[in-house]
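Have a look at the structure below before the remarks.
Every number in this text was worked out from the coordinates using simple rules, so none of it is lab data. Because the structure is predicted, anything quoted here is derived from the model rather than measured. All Cβ positions, even for glycine, are placed from backbone atoms using ideal geometry, and neighbour counts span all protein chains on display.
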2 protein chains.
Amino acid sequence: MTELQQTANCYEMLHQLKYYECTDTGHPGLSMLMSMMTMVSDAHSIFMGLDRQKVEQSGGAWVVISYEGHLSANQPRYGDQVILGTRATASNAFFALREFWMDDLHHHHYAHIKALFVMMNLQKRRLMKIPDELLAPFESPVQKRLDKPKKPGKLSGNFTSQQYRVRYYDIDVNHHVNNARYFDWLTDPLGAVFLRHHQPVAFTIQYQNEVQENATVESRLARIQDDGTTTSQHEVWSGGECCTSAEITWAPVNNG
Amino acid sequence: MTELQQTANCYEMLHQLKYYECTDTGHPGLSMLMSMMTMVSDAHSIFMGLDRQKVEQSGGAWVVISYEGHLSANQPRYGDQVILGTRATASNAFFALREFWMDDLHHHHYAHIKALFVMMNLQKRRLMKIPDELLAPFESPVQKRLDKPKKPGKLSGNFTSQQYRVRYYDIDVNHHVNNARYFDWLTDPLGAVFLRHHQPVAFTIQYQNEVQENATVESRLARIQDDGTTTSQHEVWSGGECCTSAEITWAPVNNG
């Protein structure tokens, strides 16, 4: 029996990878990984009695600002059981830091992700102080200076770009373009041949502006080759502004 | 305790709907419904010891030709537990008929789908006789004339059309464009306002030609209004040929 942590501060759940949660490599892609992180985060909130309705009553909504992730060479395949986990790592009046992981059944990380959240006042469309009743229950240590996710570098040198129209099915149950979908726009321009032969080992992403539901986005891509690894730099532009920046480090696929 | 059937002929599994399996209506869309049907079909095959490897050894691959589906007004929401089920209904030398369902925990149908499969010789790229060792284990009644899914009507009158580029993430673990994704191309042109206020109650779809991974498809749409219901007629074209035809009947969303 795999032991799962389920406390105020930390929550784990078992999950079996479906075939439609994996790319044609047989492994989950980054966008599905991020969707699973949102799922375990939601599950933790519900476990603590803080469902979407409770959060909405505060007039605010949790918004993710940035992620920093690290993936191991060994990745799970469809059909595999994994542990999805999250911990409320630290927080202060305006920021909440969470960790996420996807582990094998022996608690070895397939992926480990750091995420920074803020709370957005939905009426005024601006940051708000995180209400104590939405933060205190998770018992995360209060820290003035948080160890935030690393920021992606600026696009350097020449870039190529590709347009993506936001589709209805990019919008999730929160009525916003799903944050995880950005990873499809970011990585699709790398092309099938590259994506079949490389796997992400690290990434940083920063969300600056929301993409609107009828928008067409421009996904910009620059590549930096360095010995065995490739680093791809990304920006998603819409309506004349940069909405998202990201940087991903790739290694050749591990067929072991 | 919900009783599940798991026999040679019929297989059921429990599934909890994830938020990323639902559209912004909170209910699963048609493409996710079809993905879940493929999942339970795979699970049934694996339960019978006939995994993908065993099928590949025969030199063939199961290919779906057509679906006919009916959905109830009451649909599950994310977080709900559902029963996914399948039965090998009937078969003959070249065709296999399967039923699928998504039920509530009291075995009432949310959706009921009939599917027609053939086996494709992967080398010769043409139909082959279904090997007995892949068919007999499911104990489906042999019938000369099968009660096949209804065919969708031809596009009648004026149509609008929209282009979709096949993206890397439309390709599934079988290295083909995922059959379920066609439903996103089919229905996205109806627009977010329509899709938020209508739910599908019946559909037929026929797959004639495979869409290739680097293709751009043209999704054609005509609408027929009739009292309270709307019927949408669809064709997906690629490379100068019609790849898929479909017809979907929609009712105003049931907010009950």
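Details
- Summarising the overall dimensions of region B:192-256 from its C-alpha atoms, the Rg and Dmax are 13.9, 44 angstrom.
- Tail weight of P(r) past 35 Å, computed on alpha-carbon pairs of the protein assembly as shown, percent: 36 percent
- Rounded Å value of the spacing that divides the Cα centres of region B:29-75 and region B:135-176: 11 Å
- With a Förster radius of 41 Å applied to the C-beta separation of residue B:121 and residue B:161, the computed FRET efficiency comes to 0.75.
- Modelled FRET efficiency - R0 22 Å, residue A:94 with residue A:241, Cβ distances, 0.05 increments: 0.45
- Copy-to-copy label separations for residue B:129, where each label sits 7 Å from Cα toward Cβ, in nm and ascending: 8.0
- Label spacing, shortest first and in nm, from residue B:77 to its equivalents in the remaining copies (7 angstrom along Cα→Cβ): 3.9
- The residue list B:186, B:155, B:100 was ranked by how far each Cα lies along the charge dipole of region B:92-191 toward its positive end, using unit charges on Cβ atoms, and B:155 comes out on top.
- Cα gyration tensor shape of chain A, rounded if a/c is under 1.5, else prolate or oblate by comparing a/b with b/c: oblate
- Net charge contributed by nearby residues that have their C-beta within less than 12 Å of residue A:67 (K/R +1, D/E -1): +2
- Pseudo-label separations to other copies for residue B:212 - Cα-to-Cβ vector, 7 Å, nm: 3.8
- Pair-distance distribution of region B:41-82: all C-alpha pairs, bin width 10 Å, starting at 0; shares per bin in whole percent are 20, 31, 31, 18, 1.
- Peptide B:187-197 has a mean of 3 when you count, residue by residue, the C-beta atoms of other protein chains within 10 Å of its C-beta.
- FRET efficiency, residue A:147 to residue B:16 (Cβ-Cβ, R0 45 Å, nearest 0.05): 0.85
- Cβ-placed point charges (K, R +1; D, E -1), dipole of the protein assembly as shown about Cα centre in debye, nearest 20: 860 debye
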